[in-house]
Amino acid sequence: MRIQLVRTLQGGEKLAGPVITKENEILISEGTTLKTEYLDLISFLGIETVCIEDPYEEDETPHDIISNEKREEYIEKIKSILEKHIYHRGSSLREIEYVAEDIIQDVMQADENMVIDLLERESNLYEHTLVVTKLCIIVAKKMKLTAEQIYRLALGALLHDLGLRYITVPYINCDINELSEAEAFEYRKHPILAYSVLEEEKWMDPFVKKMVLVHHERRDGSGFPLKQKTRDTECGILQACDAFDCFISGMECRRMSIQQALEYLVEGTDIFYDRRIVRVIERLVARYPVGTRVRLNTGESGIVLKQTENSIRPVIRILDEEDRLTEKIYQLNKNKNVSILQVEN
């Protein structure tokens, strides 16, 4: 399945998940084949994206470090620990150490040269927390950080958005700059709220608490809540990884494509984000995730089937005029004369 912009749909696509209104009511059920009149209704209600079935999914090989089963298990553990703390004040967050250790072990055992597929998706606070943690650990591993640094970074990533549970303003797939002054003020408090809560956790390294406090700060001092020009490597990794996953999941901003998110990171190099960290993310994350439809310089259209060790040169299988998979395959890391011109909707 994949997330697709409503304005790019043509009708005939099959929903892989229900279309839900802003009031959390099911508008169109999962499995429905979209008609053109449905698209007009969805657009009228301000729904920008839907989840549709990927007709080529059986032929695709996504690259990830954590299996789908473990992913769901981690998300549930993170949710359970954080919500127990929120709803039963005084309950320690120390259980999160075990989750950090398990995720670190999974990531450290993975192939260091693996290019991973991250997809645009619907926002979920706990899935976002897991993805940011995983990404932080991979980046830290590639940058040769010490075991102690990686452990602190994992804890900071797992707790970085705890403060969002203490605010009531909207922050999912919305432009924070469009909030009222009062709403924006409340939203920008969430790192401070989390830091205040973590002050009670006497077992926790103070540097972990600092990472949570500064995860929205930027190198040029334009971030919040304190407008600090942080230079600590671990803080920089968390800031860049959090921003990147926010871009593609619609957490605290409007959702955008992987390609746009990578371009935003690059444009912010040395201004908002550490150059070394951005370069690692560029090499690590697939610019064209598995399932992406692309047009090549040969004039052909194709589907990304799997990744190579080059994040911008995957394996492409060509489509015929009726959008059926052919036997023609390009391994772009080996065929230097063929390149991707653009992503097709």
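Determine, from the Cβ-Cβ distance of Lys202 and Arg71 and an R0 of 41 Å, the FRET efficiency 1/(1 + (r/R0)^6), rounded to the nearest 0.05. Let's see the in-between values first.
Numbers: r = 32 Å, r/R0 = 0.77.
E(calc), rounded to 0.05, equals 0.85.
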Between the helical axis of 147-159 and the dominant principal axis of the chain, each derived from Cα atoms, what acute angle in degrees is found, rounded to the nearest 10? 80 degrees
Over 10 Å intervals from 0, what percent of Cα-Cα pairs in the chain sits in each interval? 5, 24, 32, 25, 12, 2, 0
Mind jotting down the distance between the C-alpha centroids of segment 7-27 and segment 103-119, whole Å? 32 Å
If contacts are Cα pairs under 8 angstrom and at least 6 residues apart, what is the relative contact order of segment 235-345 in percent? 18 percent
Degrees between helix 96-108 axis and first principal axis of the chain (Cα, 0 to 90, nearest 10): 40 degrees
How about segment 158-208: which trypsin sites (Lys or Arg not before Pro) there are in a DSSP loop, with at most 10 other Cβ atoms within 10 Å of their Cβ? Lys202
If the cut-off is 17 Å between C-alpha atoms, which lysines fall inside it for Lys210, apart from same-chain ones fewer than 8 positions away? Lys189, Lys202, Lys227, Lys229
Cα long-axis angle, helix 125-142 against the chain (0 to 90 degrees, to the nearest 10): 90 degrees
Considering only the other residues whose Cβ falls under 14 Å of the Cβ of Ser339, what net charge follows from Lys and Arg at +1 and Asp and Glu at -1? +4
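Place a +1 charge on the Cβ of each Lys and Arg in the chain and a -1 charge on the Cβ of each Asp and Glu, then give the dipole magnitude about the Cα centre in debye, rounded to the nearest 20. Before the final figure, lay out each step's value.
Numbers: 45 positive and 61 negative charges, 265 e Å.
Once rounded to the nearest 20, the dipole reads 1280 debye.
Using alpha-carbon pairs under 8 Å, 6+ residues apart, how would you state the relative contact order of the chain in percent? Numbers along the way, then the final one.
Values: 600 pairs, mean separation 53.2, N = 345.
This gives 15 percent for the chain.
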According to a simple spin-label model (label point 7 Å from Cα along Cα-to-Cβ), what is the distance in nm between Cys51 and Asn113? 3.5 nm
Once both labels are modelled 7 Å past Cα along the beta-carbon direction, what's the Thr32-Tyr166 spacing in nm? 4.1 nm
Taking segment 185-257 and dividing mean pair separation by its residue count, relative contact order in percent (alpha carbons under 8 Å, at least six apart): 20 percent
With just the Cα atoms defining each centre, how far is segment 195-209 from segment 121-181? Give it in Å. 17 Å
Heavy atoms only, probe 1.4 angstrom, no DNA, RNA or ligands counted: give me Ile26, Ile52 ranked by accessible area, highest first. Ile26, Ile52
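Determine the dipole magnitude for segment 2-53: charges of +1 sit on the beta-carbon of Lys and Arg, -1 on that of Asp and Glu, nothing else is charged, the reference point is the Cα centre, and the result goes in debye to the nearest 20.
Numbers: 5 positive and 8 negative charges, 30 e Å.
Result for segment 2-53 is approximately 140 debye, rounded to the nearest 20.
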Restricting segment 1-70 to trypsin sites (Lys or Arg not before Pro) in coil, as DSSP defines it, with at most 13 other Cβ within 10 Å: Lys22, Lys35
For segment 60-72, take each phi angle, set θ = phi - 60°, evaluate the Karplus expression 6.51 cos²θ - 1.76 cosθ + 1.60, and give the result in whole Hz per residue in order, putting x for glycine and proline. 9, 10, x, 9, 8, 8, 10, 5, 4, 5, 5, 4, 5
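The values are calculated or read from the model by the stated rules, or taken from the named source; none is laboratory data. As the structure is a computational prediction, the values presented were derived from the model and not from experiment. Note that we place each Cβ from the backbone using ideal geometry, even for glycine, and neighbour counts take in every protein chain shown. Ligands, DNA and RNA are excluded from the accessible area calculation, which covers all protein heavy atoms including side chains. Shrake-Rupley method; radii C 1.70, N 1.55, O 1.52, S 1.80 Å.
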